1. Select from region 103-122 the residues that are free of Cβ contacts under 8 Å to residues at least 60 places away in the same chain and more than 17 Å from residue 91 (Cβ to Cβ) and list them in ascending order.
2. Only one residue in 158, 151 is in contact (Cβ under 8 Å) with a residue 24 or more places away in the chain and under 14 Å from the mean Cα position of the chain (by Cα), so which one is that?
3. Of 266, 202, which residue is touching a residue at least 12 places away in the same chain (Cβ under 8 Å), crowded, with 20+ Cβ neighbours inside 10 Å and either assigned by TED's automatic domain parsing to the domain that holds residue 148 or out of contact with any helix residue (DSSP H, G or I) (no Cβ under 6 Å at 6 or more places or on another chain) (or both)?
4. What's the number of the condition residue 254 fails, among (1) within 20 Å of residue 74 (Cα to Cα); (2) free of Cβ contacts under 8 Å to residues at least 24 places away in the same chain; (3) surrounded by 15 or more Cβ atoms within 10 Å (Cβ to Cβ)?
5. Of all residues in region 27-54 being free of Cβ contacts under 8 Å to residues at least 24 places away in the same chain and surrounded by 15 or more Cβ atoms within 10 Å (Cβ to Cβ), which is nearest to residue 207 (Cα to Cα)?
6. Among the residues of region 217-227, are any in contact with a strand residue (DSSP E or B) (Cβ under 6 Å, 6 or more places away or on another chain) and more than 21 Å from residue 150 (Cβ to Cβ)?
7. Is it the case that some residue within region 182-191 is out of contact with any helix residue (DSSP H, G or I) (no Cβ under 6 Å at 6 or more places or on another chain) and either in contact (Cβ under 8 Å) with a residue 24 or more places away in the chain or crowded, with 19+ Cβ neighbours inside 10 Å (or both)?
């Protein structure tokens, strides 16, 4: 049996797979790691409609000659969804009060909402807040959307743009214990807030660089950086918990000797493992 991805034969050796479903589960996992999603499936020249998926997945591969899978790049889908979201935001702002109240009920059924809910749950949450509850201003949602658009369209440029901000917040993290001790509560709170925002942005940029193929030695780079993110994530959690509990001794130790060091290390690792263009 022959497996094709976007009309190119996939060089793969089947192990214990016996059904179409077992094969496609493995193919989908590999595609996801490569930054793609399955958009169309053909079996022996027959297009498999959504209503046929369950039956097709149960078919045994011994009776099949060719499985041809078409894909879409996640980055392209994300870019398209963000463009649609900007249009949705503009549409929402043009509505009167009564129509705005009912807007979310229809919007959450859209393809854009479904995609964001899966691929960008944080952004989807902001949409819920803006469109249904009014917890955040629609102008704020638009600013967030435009920022994420830049991260998707030009992830390297966004990475370079935050280098100075990373260095500044690392310096402020080192000063955080002194700010707390001298009663500069507002300054300390702002440092924590900016640190959280910069960290979230760096995580998003890393994901885009990864799925768009910007890393040299993809597997090794992903493995190394993912390990750093995992360790850094633990430090962030400990720091925020200590701050919320007013354990300022622990906050001082974590911010100065852990968070600032690991944030710089993570930024340097992401930047250092990137190539200048996604070949």
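The values are calculated or read from the model by the stated rules, or taken from the named source; none is laboratory data. Just so we're clear, the structure is a prediction, and the values are computed from it rather than from any experiment. Cβ atoms come from the backbone with ideal geometry, glycine included; neighbour counts cover every protein chain shown.
1. Here is the first cut: in region 103-122, the ones free of Cβ contacts under 8 Å to residues at least 60 places away in the same chain are 103-121.
Within region 103-122, 114, 115, 117, 118, 119, 120, 121 meet the criteria.
2. 151
3. Numbers: 266 fails: either assigned by TED's automatic domain parsing to the domain that holds residue 148 or out of contact with any helix residue (DSSP H, G or I) (no Cβ under 6 Å at 6 or more places or on another chain) (or both).
Step by step, each of 266, 202 is checked, and only 202 is touching a residue at least 12 places away in the same chain (Cβ under 8 Å), crowded, with 20+ Cβ neighbours inside 10 Å and either assigned by TED's automatic domain parsing to the domain that holds residue 148 or out of contact with any helix residue (DSSP H, G or I) (no Cβ under 6 Å at 6 or more places or on another chain) (or both).
4. Only one criterion in (1) within 20 Å of residue 74 (Cα to Cα); (2) free of Cβ contacts under 8 Å to residues at least 24 places away in the same chain; (3) surrounded by 15 or more Cβ atoms within 10 Å (Cβ to Cβ) is unmet by residue 254, namely (1).
5. 28
6. yes
7. As a first pass, look at region 182-191 and keep what is out of contact with any helix residue (DSSP H, G or I) (no Cβ under 6 Å at 6 or more places or on another chain): 182-186, 189-190.
Checking the rest, the ones that are also either in contact (Cβ under 8 Å) with a residue 24 or more places away in the chain or crowded, with 19+ Cβ neighbours inside 10 Å (or both) come to none.
No; the residues of region 182-191 include none that is out of contact with any helix residue (DSSP H, G or I) (no Cβ under 6 Å at 6 or more places or on another chain) and either in contact (Cβ under 8 Å) with a residue 24 or more places away in the chain or crowded, with 19+ Cβ neighbours inside 10 Å (or both).
Matching residues to (1) at pLDDT below 95; (2) under 17 Å from the mean Cα position of the chain (by Cα); (3) closer than 21 Å to residue 30 by Cα; (4) surrounded by fewer than 20 Cβ atoms within 10 Å (Cβ to Cβ):
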position	(1), (2), (3), (4)
226	yes, yes, yes, yes
246	yes, no, no, yes
275	yes, no, no, yes
278	yes, no, yes, yes
